[in-house]
Amino acid sequence: MLTATVVNCSIRYPDRPWWDAPAAAARDGYPAVEFWWPFAGPVASDADVRRLGDALHDAGVRLVAINTFAGDLAAGERGILSHPHRVSEVRENAGSVARIDRELGSRLHNVLYGERLDGVPAAAQDDTAAANLAYLRDTIPTPLLEPLSGTRPDYPVRTADQAAAVADRVGGGVGLLADLYHLTANGLDVTHTLRTHVGRIAHVQVADWPGRHRPGTGRIPIADHLALLEELGYQGLVADEYAPLE
């Protein structure tokens with residue numbers, strides 16, 4: 001039976017500095033962790049990479065996934081992949097991610113598309129996203145595209161079909177991140193989505209809806225969805241990506 005063996009440290013332990021989160025994950029019984037991009041800018045310093053490596057080693061957990069730099073999340077940014085004036089940040093960040101992969105072993109990288117920019121043609125933003133995604137695909141292992149909820153209505157990747165269309169522009173090498181919370185919050189038929197796109201799914205995250213808390217606190221039949229994925233042949237990882245209850 002598919003179960004969560006990974007925890008997203010960025011959302012699960014929000015009151016801890018990121019370097020303390022691996023130890024908390026180990027105490028909670030997780031052998032592996034993932035992070036949103038935890039560093040201040042697109043380039044991780046030597047000290048940052050060493051500190052992350054030491055934290056993982058001391059906790060005895062492995063890093064399996066880390067998001068690419070997505071801008072200022074606290075200020076409401078949701079990625080920069082499609083933003084023409086930020087191409088240099090995407091490319092600089094790719095070098096940092098590749099280094100973390102080499103030194104710490106991560107292989108999965110969620111790439112947030114970026115909300116639509118006022119005054120810039122949508123086609124230009126989509127062309128920028130495709131070029132950047134192709135660069136990432138050739139620089140780091142397994143970039144992932146994730147349909148998001150809770151963003152502006154014109155956020156371009158809100159369904160698995162939209163994510164698949166973006167990935168198809170650059171050919172292979174781009175996976176789908178199936179977050180059961182976001183898919184449900186967007187009003188999608190999750191069973192149909194999983195059946196349709198299981199061949200693209202490279203990573204799965206779980207949180208209940210509404211509330212984005214641990215499974216069992218909301219209305220998503222998470223166990224049923226995971227059982228379906230297993231029946232369909234999904235062999236990847238499942239990560240708990242939920243916020244702690246107050």
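Residues considered: ASP127, ASP118. Of these, the only one that is part of a helix (DSSP H, G or I) and not polar (S, T, N, Q) is ASP127.
Filtering segment 84-103 to residues that are of a type in the set (Gly, Ala, Ser) and in contact with a helix residue (DSSP H, G or I) (Cβ under 9 Å, 6 or more places away or on another chain) leaves ALA94, GLY95, SER96, ALA98.
Scanning segment 120-154 for residues that are among the basic types (Lys, Arg) and either on the phi > 0 side of the Ramachandran plot or modelled with pLDDT of 95 or more (or both) yields one hit, ARG137.
Scanning segment 188-206 for residues that are under 19 Å from ALA65 (Cα atoms) and of a type outside the set (Lys, Arg) yields ILE201, ALA202, HIS203, VAL204, GLN205, VAL206. Is at least one residue of segment 87-96 assigned to a loop (DSSP other than H, G, I, E, B) and crowded, with 16+ Cβ neighbours inside 10 Å? No, segment 87-96 has no match at all.
Out of all the residues in segment 1-31, which are closer than 26 Å to GLU231 by Cβ and surrounded by 18 or more Cβ atoms within 10 Å (Cβ to Cβ)? Within segment 1-31, LEU2, ALA4, VAL6, VAL7, ASN8, TYR30 qualify.
Checking each residue in segment 228-246 for being among the aliphatic types (A, V, I, L, M) and in contact with a Pro (Cβ under 9 Å, 6 or more places away or on another chain) picks out only ALA243. Remark: pairs (first residue in segment 61-78, modelled with pLDDT of 95 or more; second residue surrounded by fewer than 16 Cβ atoms within 10 Å (Cβ to Cβ) and of a type in the set (Lys, Arg); Cβ separation under 9 Å; 6+ apart in sequence or on different chains) = VAL64/ARG107; ALA65/ARG107; ARG78/ARG152.
Mind checking which strands (runs of 3 or more DSSP E) fall wholly inside segment 1-80 and carry at least 3 residues that are among the aliphatic types (A, V, I, L, M)? Answer list for segment 1-80: 62-66.
The values are calculated or read from the model by the stated rules, or taken from the named source; none is laboratory data. Owing to the predicted nature of the structure, the values given are computational and were not obtained by experimental measurement. Backbone-built Cβ (ideal geometry, glycine too); neighbour counts: all protein chains shown.
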